[in-house]
Each structure stands twice: as C-alpha cells, then as structure tokens.
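Each remark here refers to the structure printed beneath this line.
Nothing in this text is a laboratory measurement; each read-out follows from the coordinates by a stated rule. As the structure is a prediction and not an experimental result, all values here were calculated from the model. Positions of Cβ are backbone-derived with ideal geometry, glycine not excepted, and every protein chain shown enters the neighbour counts.
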Amino acid sequence: MAVLEILKYPDPRLKEIALEVEVFDAALQSFIADLEQTMRAGPGGVGIAAPQVGRLQRIVIVDVSSKPKIKQHGRLVLINPEILEWEGMAKGREGCMSVPDFTGNVIRAKTIKLRAQDEQGEFHDYDMEGFEARAVQHEIDHLDGLLFLDRLVSRRNDLFARKVYK
Amino acid sequence: MADNNHWYMLSLIGKDRPGIVAHVTSALFEGGANLGEASMMRLGGNFSMMLMVQFTGNLHGLHEIIDGVAESLSLHVHLDRIDGQLHDHRQPDVRIRVYGADRAGIVAKVTGVLAEAGLHILDLESDVAGTQTEPVYIMTIEGHAGEGVAALESALEIVKQEGIDASLEAIDIMVG
Ligand SMILES: [Zn+2]
C-alpha cells in the first residue's frame, strides 16, 4: 500500500470527467487500498475520489464514522455511484484536500438515494442524509470534474436561499 | 536583501456607484500591487472595501497609486502597514443567528454575553429588514467557540429571555 500524491487545483485533471469502472480485478482492489490510505493520511479527510490522485475512474471512498452521533454507513467504497433521488437543501461548510487552506459554504441536498457498486462489483442502494450525504455529493462532483469552488455561495445569498426554500 | 514585499490594509469608503471595484483594483494592478484577502460590501448606499494589498514600495508609494483613483470616485482612503499574511485562516466552528425587533443595544447585548462565554467572532453580518416603522434586526455570526459550544448555548438562553430570537449550530467542516 502507498499514500498517493493528491492533485491540487489548478491541476487540469481535477476538471476531467471520470470513466465508469468496468473491470473489478486485483489491480482495482490494490488501487482502492492505496486510495483509502491516502484519504486517511490527510488531516480530517472523510472522503476521497480517484481523480484527486490522478486516476480518472468513477471510484469514491467515504467514511464519516469519526463523527459522533450522526446517521452513517461507516466505511464505504462507492464505484460508479449514481444519485437516484435528492431531497431538501442544506448549507454546510466544506473543504477539499485538492484546495488547501480554504473552506466555504456550499448548498447540498439533505438526503439522497444512492446506488453504487462495491469493490466486487455488487450493486447496493443507500439512503443517506446530512454530513454523509454531503460527503458523497462532494466526492461525486470530483468524478464529474467539479470542485466545491464551483458551488460556493456567499453568506448573503445563502441567507436568501434559506428564506426561499425553507 | 531585507523583506521589501509588505502587506498593507487598504480601506475605501464612499457613495456606491457602478465600477468602483474595477477602477480601484485596476489602479492597484497597474501600480504593481497584489491583492490578498478582501471584503467588499454595499452598506446603506455606501460601498466599503477592505483589501489586503501587497506592495514592494513604502506607504507613500502606495498612496500615490491609490489617491488619484480614490479622489475621482470620492472615496475616503485609509491605509496601514500590517503584520498580516496570507494562509492564516482560522476556521469557524459555530454559527449563530440572531433576529428580533430592532432596538438599541441588541448587538452589544448579544455579542457581550457571547464574548463572555468564549466566542471569538471571525465574521459578522447584520442587516435591518422589516419596515421603517417596524424594523427587524438580523445578524449572523461565524466564530470560534473558545470555551465550547455548550457555553455559548447557555449564554444565548439569557438573550432569548429578553425576547430576542437566537439559534446556534456547530459548523462541522466536511473535508473530502
Ligand atoms: Zn474534494
């Protein structure tokens, strides 16, 4: 296993659209192990997406189990993830290992229904909410070449959004 | 060679009009100054700017760059050399919302009890909504809870007993 180098903006690979994973083999397992180790090596990182280490494939790892008292599924390897349903809107503060020294407010769906494959290629459906749902949406954005910088809201706009939608 | 790339804090305030930001920042750019963090906002028909400016020359040199454009836009200028630097962010861990019928002392009351309970304000925005006759005061604060969020929660209880609506939430930063 190895800790991989995390690409930092403005690396153009962070703006690419990642490809579906089609082969679930030993090479994939080995990459996932490296990706997970890389996520855990970062300070406070609760998610990582393969494009962040320069691999343009639809692979995400999320593990928010370090946060107490929230609904969550523990360590998750999400391959070819697809959000089937969104509900609600919530603002929350995000940072990104690919954008050091900056955090900002982003509006995300409060709850999502997610379908994804695991390391073996098996399909699973998940109902997620809150912090975990936020992490998954942030990581799936990486698969589509989007950073949280693309979704920042100013505090004033944010207040307005809350008035309108809540 | 000594460090001659200094940071300055530039404040500009004047009547709002289109193009202020573009005029000021292009004057700075053409004068060879770099911008750092900045906050700019329209407040009550005025426009206020606070900018971290990096400049190799001295205070006098920076005044020469900015005074002309400030005068042409009728902006008041304040310029200070600062010790600050970039990449010195402190992350907020709590957000507080306060609103109530506008009355004298509401900000002092709220910030006073919160400061006593350990709040370090990193960012405060307030506004007056409602109507001329029935104004409503609205404030959002982001800050660092030096003595924990629970201490701030009990402090807010004091405020609420006086008819001010206040709520607090922990800011849990998602890094991924
Ligand atoms: Zn990220």
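Values computed for the structure shown
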read-out	value
GluC sites (Glu not before Pro) restricted to DSSP loop in the range B:21-116 with at most 15 other C-beta within 10 Å	none
Backbone HN-Hα couplings from phi across the range B:13-28 [Karplus 6.51/-1.76/1.60, Hz, Gly and Pro as x]	9, x, 4, 5, 7, x, x, 4, 4, 4, 5, 5, 6, 6, 4, 5
P(r) tail fraction, the range A:53-127 - alpha-carbon pairs more than 14 Å apart, %	71
Number of partner chain Cβ atoms within 10 Å, mean per residue of A:89-98	3
Dipole magnitude of the range B:6-82 about its Cα centre (Cβ charges: Lys, Arg +1; Asp, Glu -1), debye to nearest 20	200
Contour minus Cα-Cα distance for residue B:121 and residue B:108 (0.36 nm per residue)	3.4 nm
Assigned charges on the beta-carbon of Lys, Arg, Asp, Glu; chain B dipole about Cα centre (debye)	380
Value at 222 nm in deg cm²/dmol, rounded to 500, when DSSP H runs of n ≥ 4 in chain B each add -39,500 (n - 2.57)	-8500 deg cm²/dmol
Per principal axis, descending, Cα span of chain A in whole Å	50, 34, 30
Least to most buried among A:93, A:108, B:42 (fewest other Cβ within 10 Å first)	B:42, A:93, A:108
Förster radius 35 Å - calculated FRET efficiency between residue A:154 and residue B:150, Cβ distance, rounded to 0.05	0.70
Of A:71/B:160; B:15/B:160; A:8/A:71; A:113/B:160; A:15/A:69; A:15/A:113, pairs whose Cα-Cα distance is over 32 Å	B:15/B:160; A:113/B:160; A:15/A:69
FRET efficiency for residue B:21 and residue A:70, using Cβ-Cβ distance with R0 set to 35 Å, rounded to 0.05	0.30
Rh by Kirkwood over Cα pairs, then Stokes-Einstein D for the range A:1-91 at 0.692 mPa s and 37 °C, µm²/s	228
Cβ-placed point charges (K, R +1; D, E -1), dipole of the range A:24-166 about Cα centre in debye, nearest 20	1000
Protection proxy ranking, peptides A:15-21, B:101-107, A:94-100, B:141-147, average beta carbon neighbours within 10 Å, highest first	A:94-100, B:141-147, A:15-21, B:101-107
5 angstrom amide H check on residue B:174, placed H, neighbours 5+ away	A:93, A:94, A:95
Of B:99, B:141, B:119, farthest towards positive along the dipole that unit charges on Lys, Arg, Asp, Glu beta carbons give the range B:94-170	B:99
Compactness relative to 2.2 N^0.38 Å, alpha carbon Rg of the range B:6-82	0.99
Sequence-distant residues sharing a close amide H with residue B:94 (under 5 Å, placed H)	B:143, B:145, B:171
Computed [θ] at 222 nm, deg cm²/dmol, chain A (DSSP H ≥ 4; -39,500 (n - 2.57); rounded to nearest 500)	-8000 deg cm²/dmol
Share, in percent, of DSSP beta bridges within chain A that are antiparallel, nearest 5	95
Rounded to whole Å, sorted largest first: equivalent-ellipsoid semi-axes of the protein assembly as shown, Cα gyration tensor	41, 29, 18
